1. Within the range 200-219, work out how many residues are in contact with a strand residue (DSSP E or B) (Cβ under 7 Å, 6 or more places away or on another chain), assigned to a loop (DSSP other than H, G, I, E, B) and within 17 Å of R166 (Cβ to Cβ).
2. Could you grab me the full set of residues in the range 336-362 that are in contact with a strand residue (DSSP E or B) (Cβ under 7 Å, 6 or more places away or on another chain) and either over 15 Å from Q240 (Cβ atoms) or outside the structural domain of V22 (by TED's automatic domain parsing) (or both)?
3. Exactly one condition in (1) more than 29 Å from R276 (Cβ to Cβ); (2) modelled with pLDDT under 90; (3) assigned by TED's automatic domain parsing to the domain that holds E289 is false for E177; which is it?
4. So, of the residues in the range 260-282 that are under 18 Å from Q182 (Cα atoms) and surrounded by 17 or more Cβ atoms within 10 Å (Cβ to Cβ), which turns out to be nearest to the chain's Cα centre (by Cα)?
5. Could you please find all residues in the range 303-345 being polar (S, T, N, Q) and either within 16 Å of R239 (Cβ to Cβ) or touching a Cys at 6+ places or on another chain (Cβ under 9 Å) (or both)?
6. I'd like the full set of residues that are touching a residue at least 60 places away in the same chain (Cβ under 8 Å) and part of a loop (DSSP other than H, G, I, E, B), limited to the range 141-158.
7. Could you list, in sequence order, all residues of the range 281-332 that are charged (D, E, K, R), at pLDDT 95 or above and assigned to a loop (DSSP other than H, G, I, E, B)?
8. In this structure, does D150 turn out to be surrounded by 15 or more Cβ atoms within 10 Å (Cβ to Cβ) and touching a Ser or Thr at 6+ places or on another chain (Cβ under 7 Å)?
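The values are calculated or read from the model by the stated rules, or taken from the named source; none is laboratory data. Small disclaimer: the values here were computed from a predicted structure and weren't measured. Glycine gets a Cβ as well: all are built from the backbone with ideal geometry, and neighbour counts include every protein chain shown.
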Amino acid sequence: MNEIGVREGAAATDPRPVDVVVVGAGQAGLSAAHHLRRVGLEPERDFLVLDHAPRPGGAWQFRWPSLTYGKVHGMHALPGMELTGADPDRPSSEVIAAYFDRYEQAFDLRVRRPVDVHRVREGDGGRLLVETSAGTWSTRALINATGTWDRPFWPRYPGQETFRGRQLHTAQYPGPEEFAGQRVVVVGGGASGTQHLMEIAPYAASTTWVTRRPPVYREGPFDENRGRAAVALVEERVRQGLAPLSVVSVTGLPVNDAIREARADGVLDRLPMFDRITETGVAWDDGREIEADVILWATGFRAAIDHLAPLRLREPGGGIRMEGTRAALDPRVHLVGYGPSASTIGANRAGRAAVRDIQRLLARDAVTVG
C-alpha cells in the first residue's frame, strides 16, 4: 500500500467540493476507488484519488529488484481483475506496478499524481478540508489509504551515531550484491529480515542476525482459522486506540524449504538484541562484541498518518481507535490498509467496507439537506 508525503504547505484557498477523497493509490486505495465506482460515484465529479508516487504501483514499485514475484507471500488480486500469467522470476516491483497501472486504466480511476497531502482539517458545514500540493478540496468523507512505506522505523541505541560503517533500512535495501565481502548485522525478526539474511549470506564475509524476541516459526498452511485469529489480535488493539501491530507480526514466520536450509546452515542462528553500537560494530553488556561494516535495520514501518493530526484522532495509546474501518472520533474518516487491513486481502475487504459505510453517511447528509 502507498504513502502520501506529509509536508507543510499550501493554505486552504478556494476549496473544490467533492463527496469523497481517497488518499493513496496502493492496494487499499484502489480497492476503495473500485467500490466507489461500483456504487455509482464518478471519478473527478464525485470522488478523487490522490497519490504521491510518480507512477502506479503503490509501495510495490519501490521494492528491491531481488524480490521477484515468485518470492512474494500472499499477493491478493484487486477486486474485479485477476493478476494472471505473471513471470515468477520478474521483479515484483515491475509485475505489480504494471498490474496496478492496467487496473487504473480498466476501471477509469483517474488517479492524480504526484500529489502530496499536507494536512486534513475541519472545514465549513461539516466538511473536511484536504490541503495538498495540487490545491485544496472540501469533502464529505475521507478514505485514508496511505499505508506505511514512507515511515520506516529506525530504533535508537546508544552509540549509534559513532558507527563508522553504513546503516540502512529495509526501505533502502538495494539487493544482496552490494554487500559482497562485508560483515553485515541484520536487525529484525520479521519476513524482511529473514529474506535479507538468506539473500546476503552467499555474498557477505559474515552475517549476524539479532532480534528483540526469539523468532516464532509457523509450520503448516496458513489456513482461514489462523488468519482470522491473527486479524482478531490486531483488531483488538485498534479498538483500544493502541498503535497497530502488523498482521504478519502475530502470524509467525512461515517455514518453507529455503527457511529450513538457512536454519540448517546457521544463517538463521539468532542472537538477542545488542545493548549498544560501537564505532566498529555492536556490543552486549555481557562482553560480547561483533565487528560489522553494515547494520541493516529490518525493523518495520509505522502508519503514515501525520497529515491527519489536525483532526486529533490519536488516542493516548498512540493509535487511532477504530470501529471497523471508521475512526471512532470522526465518522467521516476511514482508514484502510491500517491495522487489521494491512494485508492485500484485508485491504480489499476494508475498501469495500469503507464504501458501504460512506454510502450511508452520504445518504444521511442528503436527507438532512433535503
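1. Qualifying residue count for the region: 2.
2. Those that are in contact with a strand residue (DSSP E or B) (Cβ under 7 Å, 6 or more places away or on another chain) and either over 15 Å from Q240 (Cβ atoms) or outside the structural domain of V22 (by TED's automatic domain parsing) (or both): V336, A354, D357, I358, L361, L362.
3. Condition not satisfied by E177: (2).
4. L268
5. Selection gives T325, S341.
6. Listed by number, the residues that qualify are A145, T146, G147, T148, W149, D150, R151, F153, W154, P155, Y157, P158.
7. D285, D286, R288, D293, R312
8. Spelling it out, it is not the case that D150 is surrounded by 15 or more Cβ atoms within 10 Å (Cβ to Cβ) and touching a Ser or Thr at 6+ places or on another chain (Cβ under 7 Å).
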